[in-house]
Amino acid sequence: MSMSLRVVVPPHPLIGHWLTLLRDAQTPPALFATGMAELGRWLTYEALRDWLPHQRVTVQTPLASSEGTVVDASVPVLVVPMLRGGLGLWQGGQTVLPVATVAHVAVQPTGSGDLFWAIDALPAVIASRVGVLVYAPEIGDGRDLIAVLQRLQQRGVEGQRLRVISTLAARPGLSAIAEAFPDLTVYCACIDAELDPAGRLSPGIGDVVLRLFGNLGGAA
């Protein structure tokens, strides 16, 4: 794996707690959804720690003036949830970024093994000052995420203004992503070593869409 790819697994006990709940096959759907949202919230918090633009200001307290920092609202953030599983993470992420612009995408495998773009709500033009956060439910072989990253790259989005948030990432997928996007930063709760013969993360958390939405699940 290219060492240029930055994969951050924050050592926060609450991230470990909610991941363990997601791994448990006995976790009911409502609690699973809560766990996804909580992971999305905490991972978003970590991803923004050294990334969200801010500026120095002076305010007047009841007693005296004081210097501090505020988020620079002039620098917009575009959030890209990968449907449908990415919605579970973004539900928590939006509590941290309530004013972000959202553009949904859905990339599905076809019977022949190719990828099909079911939904592409990405803006035709993404300004150079816009920071972009992609919410991927999990990173398996990485093909669907790479397709999204390539489409963003075509719009000039790459490098330090792009970050990915995911529940889990498999080493094979990270290796593939590192080859195509070596300067990317990924935030996830854990790295699983392998994929099973069916291409699923092992031990993983199971079918994210099925566990979130039941039998009506479509694209992951």
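The values are calculated or read from the model by the stated rules, or taken from the named source; none is laboratory data. Since we're looking at a predicted model, the values are computed, not measured. Reconstructed Cβ throughout: ideal geometry from the backbone, glycine too, with neighbour counts over all protein chains shown. Keep in mind that these areas ignore ligands, DNA and RNA; they rest on the heavy atoms of the full protein, side chains included. Shrake-Rupley method; radii C 1.70, N 1.55, O 1.52, S 1.80 Å.
Within the group Ala25, Ala47, Ala33, which residue is more than 17 Å from the chain's Cα centre (by Cα) and within 23 Å of Leu87 (Cβ to Cβ)?
Numbers: Ala47 fails: more than 17 Å from the chain's Cα centre (by Cα); Ala33 fails: more than 17 Å from the chain's Cα centre (by Cα).
Step by step, each of Ala25, Ala47, Ala33 is checked, and only Ala25 is more than 17 Å from the chain's Cα centre (by Cα) and within 23 Å of Leu87 (Cβ to Cβ).
Does region 3-13 contain at least one residue that is under 22 Å from Gly142 (Cα atoms), modelled with pLDDT of 95 or more, of a type in the set (A, V, I, L, M) and assigned to a loop (DSSP other than H, G, I, E, B)?
Among the residues of region 3-13, at least one is under 22 Å from Gly142 (Cα atoms), modelled with pLDDT of 95 or more, of a type in the set (A, V, I, L, M) and assigned to a loop (DSSP other than H, G, I, E, B), which makes the answer yes.
Taking into account only those residues within region 65-101 that are charged (D, E, K, R) and without any contact (Cβ under 8 Å) to a residue 24 or more places away in the chain, which is surrounded by the most Cβ atoms within 10 Å (Cβ to Cβ)? Explain how you work it out, then say what you get.
Going residue by residue through region 65-101, those that are charged (D, E, K, R) are 67, 72, 84.
Checking the rest, the ones that are also without any contact (Cβ under 8 Å) to a residue 24 or more places away in the chain come to 67, 72.
Working: Glu67: 8, Asp72: 11.
Once the filter is applied, the top-ranked residue is Asp72.
Of all the residues that make up region 53-106, how many are under 20 Å from Asp120 (Cβ atoms) and of a type in the set (Lys, Arg)? If you could, list the steps in order and put the result at the bottom.
From region 53-106, those under 20 Å from Asp120 (Cβ atoms) are 76-87, 89-90, 100-106; that's our starting set.
Within this subset, residues satisfying the condition of being of a type in the set (Lys, Arg) are 84.
Of the residues in region 53-106, 1 are under 20 Å from Asp120 (Cβ atoms) and of a type in the set (Lys, Arg).
Restricting attention to region 127-184, and to residues there that are in contact with a strand residue (DSSP E or B) (Cβ under 6 Å, 6 or more places away or on another chain) and of a type in the set (Asp, Glu), which single residue is farthest from Pro53 (Cα to Cα)?
Filtering region 127-184 for residues that are in contact with a strand residue (DSSP E or B) (Cβ under 6 Å, 6 or more places away or on another chain) and of a type in the set (Asp, Glu), the one farthest from Pro53 (Cα to Cα) comes out as Asp144.
For the subset of region 146-170 comprising residues that are over 21 Å from Leu115 (Cα atoms) and basic (Lys, Arg), which member is least open to solvent (accessible area, probe 1.4 Å)?
Within region 146-170, the match that is least open to solvent (accessible area, probe 1.4 Å) is Arg163.
Would you mind finding the one in Leu21, Leu39, Leu43 that is more than 30 Å from Glu179 (Cα to Cα), of a type in the set (A, V, I, L, M, F, W, C) and modelled with pLDDT of 95 or more? Explain how you work it out, then say what you get.
Working: Leu39 fails: more than 30 Å from Glu179 (Cα to Cα); Leu43 fails: more than 30 Å from Glu179 (Cα to Cα).
Only one candidate qualifies: Leu21.
Report, by residue number, each residue of region 36-51 that is part of a loop (DSSP other than H, G, I, E, B) and free of Cβ contacts under 8 Å to residues at least 60 places away in the same chain. Give the derivation first.
To start, the set of residues in region 36-51 that are part of a loop (DSSP other than H, G, I, E, B) comprises 49-51.
Within region 36-51, Arg49, Asp50 qualify.
Looking at (1) among the β-branched types (Val, Ile, Thr); (2) in contact with a Gly (Cβ under 9 Å, 6 or more places away or on another chain); (3) farther than 22 Å from Val208 by Cβ, which one does Val79 not meet, given that it meets all the others?
Among (1) among the β-branched types (Val, Ile, Thr); (2) in contact with a Gly (Cβ under 9 Å, 6 or more places away or on another chain); (3) farther than 22 Å from Val208 by Cβ, the lone unmet condition for Val79 is (3).
Would you check if Arg155 is under 27 Å from Pro76 (Cα atoms), touching a Phe, Trp or Tyr at 6+ places or on another chain (Cβ under 7 Å), in contact (Cβ under 8 Å) with a residue 24 or more places away in the chain and of a type outside the set (A, V, I, L, M)? Give the steps one after another, and end with the answer.
Values: under 27 Å from Pro76 (Cα atoms): yes; touching a Phe, Trp or Tyr at 6+ places or on another chain (Cβ under 7 Å): no; in contact (Cβ under 8 Å) with a residue 24 or more places away in the chain: yes; of a type outside the set (A, V, I, L, M): yes.
When the stated conditions are applied, Arg155 does not pass them.
Within region 73-178, which strands (runs of 3 or more DSSP E) (wholly inside it) include 3 or more residues that are farther than 25 Å from Trp18 by Cα? Steps first, answer last, please.
Details: elements: 77-81, 105-109, 115-120, 131-136, 162-170.
Here the list reads 105-109, 115-120.
Among residues belonging to region 23-35 that are in a helix (DSSP H, G or I) and of a type in the set (A, V, I, L, M), point out the one that is least open to solvent (accessible area, probe 1.4 Å).
Of the residues in region 23-35, the ones in a helix (DSSP H, G or I) are 23, 29-35.
In the following step, the residues that additionally are of a type in the set (A, V, I, L, M) were identified as 30-31, 33.
Numbers: Ala30: 77, Leu31: 69, Ala33: 29 Å².
The residue in question is Ala33.
Take the residues in region 195-220 that are outside any loop (DSSP other than H, G, I, E, B) and at pLDDT below 90, then tell me which one is surrounded by the fewest Cβ atoms within 10 Å (Cβ to Cβ).
Step one: filter region 195-220 for residues outside any loop (DSSP other than H, G, I, E, B), giving 195, 201-202, 208-216.
Then keep just the ones that are at pLDDT below 90; that gives 213-216.
Numbers: Phe213: 16, Gly214: 9, Asn215: 6, Leu216: 8.
Among those that are outside any loop (DSSP other than H, G, I, E, B) and at pLDDT below 90, it is Asn215.
Restricting to region 179-193, give me the number of residues that are part of a strand (DSSP E or B) and charged (D, E, K, R). Give the steps one after another, and end with the answer.
First, pick out the residues of region 179-193 that are part of a strand (DSSP E or B): 185-192.
Those left that are additionally charged (D, E, K, R): 192.
Here the count works out to 1.
Could you tell me which residue of region 102-136 is modelled with the highest pLDDT, considering only residues that are farther than 19 Å from Gln154 by Cα and exposed (fewer than 14 other Cβ atoms within 10 Å of the Cβ)?
Asp114
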